[in-house]
Amino acid sequence: MPLTGSDLRRIALGLPGTEEKAHFGKADFRVRNKIFASLPDEETAVVKLTPEQQQQLMAEAEPAIFAPVPGGWGRKGWTRVRLPVCDAATLESALRTAWGLVGKPVSRRPKTNR
């Protein structure tokens, strides 16, 4: 059964601390107020990846499912996901990877007295 925007919502909102908001009139998914995925339409998701993660998904996983967003955003790793040809496990893996880039707190070095 093809995936839809409802499936993306269910999976994304199941990740810790995720909220659904809107960006340029389209649904997005954030943790710590940082976007890790968006839903431009019911058949397309966009996930934040590193360029290396993006290349790996396109080359090794499913090139029919994943493609860079056109232009500079795509060169930075933002990746389109074709939901109708994606399975739930692949989508969840991509969302967890994207969540991991923004969802984990940044560790800070302890202050030292100088």
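The values are calculated or read from the model by the stated rules, or taken from the named source; none is laboratory data. The structure displayed is predicted, hence computed values, not measured ones. Note that we place each Cβ from the backbone using ideal geometry, even for glycine, and neighbour counts take in every protein chain shown. When the accessible area is computed, the model is the full protein with side chains, heavy atoms only, and any ligands, DNA or RNA have been set aside. Shrake-Rupley method; radii C 1.70, N 1.55, O 1.52, S 1.80 Å.
Values as computed for the structure displayed
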| read-out | value |
| --- | --- |
| Two-site FRET efficiency, R10 against R75, from Cβ-Cβ distance with R₀ of 30 Å, rounded to 0.05 | 0.50 |
| Net dipole in debye of the chain [+1 Lys, Arg Cβ; -1 Asp, Glu Cβ; about Cα centre; nearest 20] | 1060 debye |
| Helix 88-103 vs. the chain, principal-axis angle (Cα, 0 to 90°, nearest 10) | 20 degrees |
| Sequence-separation-based contact order of the chain, relative, with Cα cut under 8 Å and 6+ spacing, percent | 28 percent |
| Surface share of carbon and sulfur [accessible, 1.4 angstrom probe, percent] for the chain | 53 percent |
| Å² of accessible area per residue within the chain, as computed with a 1.4 Å probe and no ligands counted | 64 Å² |
| 27 Å Cα-Cα reach of K76 towards lysines, excluding residues that sit fewer than 8 places from it in its own chain | K21, K26, K34, K48, K104 |
| In order through region 36-51: 3J(HN,Hα) via Karplus (6.51 cos²θ - 1.76 cosθ + 1.60), integer Hz, x for Gly, Pro | 10, 7, 9, 10, x, 7, 5, 10, 9, 10, 10, 10, 8, 10, 7, x |
| Peptide ranges 22-35, 85-98 listed from the most packed, as the mean C-beta count within 10 angstrom indicates | 85-98, 22-35 |
| Label of the coordinate-derived value, Cα Rg over 2.2 N^0.38 Å, listed as (1) 1.17; (2) 1.12; (3) 1.24 | (2) |
